[in-house]
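Just so you know, all these numbers are worked out from the coordinates, no wet-lab data involved. Quantities reported herein were computed from a predicted structural model and do not represent experimental measurements. Here the Cβ positions follow ideal geometry from the backbone for every residue, glycine too, while neighbour counts run over all protein chains shown.
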Amino acid sequence: MARKLQLGRDVSVPITPDQAVLDAVPNPHRDSDYAIRFTAPEFTTLCPITGQPDFAHFVIDYCPGAKLLESKSLKLYLMSFRNTAGFHEDCTIAIGKRIAAAIKPKYLRMAGFWYPRGGIPIDVFWQTGKLLKNVWLPDPGVSPYRGRG
């Protein structure tokens with residue numbers, strides 16, 4: 001028997017990312033190449049050294065294959081990082097790899113725009129596959145960090 005989706009059910013936020021489940025649903029347009037974008041402007045995690053909060057703006061773009069990523073499960077997965085410690089690079093790349101494993105997209109780009117820590121913003125980018133030639137993908141739309149200027 002197939003596991004029920006989290007969508008439409010009362011589901012608690014997972015304690016850790018490892019406990020989170022990413023739901024995949026059938027792509028109703030498998031015969032078409034197209035892009036999907038998820039934007040998560042309020043991602044939070046903890047610094048593994050100081051325990052202080054770190055904040056990021058994620059832009060996740062993908063061209064689906066047979067499966068789509070269900071958005072509620074993505075929200076719960078991202079929320080599971082709030083009480084977990086991880087470096088910027090580790091969080092960004094781990095999220096991209098986990099999504100890729102869950103839905104096996106034709107292309108996926110994970111962009112993590114991290115807010116400054118110690119005066120230095122760290123932006124992390126990861127991708128798998130190649131953007132399809134007939135798919136238009138807009139710029140992520142996140143300006144480089146400028147400080148107060």
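Values computed for the structure shown
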quantity: Selection within segment 96-118 - among the aromatic types (Phe, Trp, Tyr) and under 14 Å from the mean Cα position of the chain (by Cα); calculated: Tyr107, Phe113, Trp114
quantity: In segment 7-26, residue surrounded by the most Cβ atoms within 10 Å (Cβ to Cβ) [restricted to those that are polar (S, T, N, Q) and under 21 Å from Lys97 (Cα atoms)]; calculated: Gln19
quantity: Selection status of Lys97, touching a residue at least 40 places away in the same chain (Cβ under 8 Å), charged (D, E, K, R) and touching a strand residue (DSSP E or B) at 6+ places or on another chain (Cβ under 9 Å); calculated: no
quantity: Any hit, segment 27-39, residues being polar (S, T, N, Q), more than 11 Å from the chain's Cα centre (by Cα) and surrounded by 16 or more Cβ atoms within 10 Å (Cβ to Cβ); calculated: yes
quantity: Residue in segment 125-140 that is within 15 Å of Ile36 (Cα to Cα), of a type outside the set (Val, Ile, Thr), buried (at least 17 other Cβ atoms within 10 Å of the Cβ) and under 16 Å from the mean Cα position of the chain (by Cα) present; calculated: yes
quantity: Residue among Phe58, Phe87 that is of a type in the set (Phe, Trp, Tyr) and buried (at least 20 other Cβ atoms within 10 Å of the Cβ); calculated: Phe58
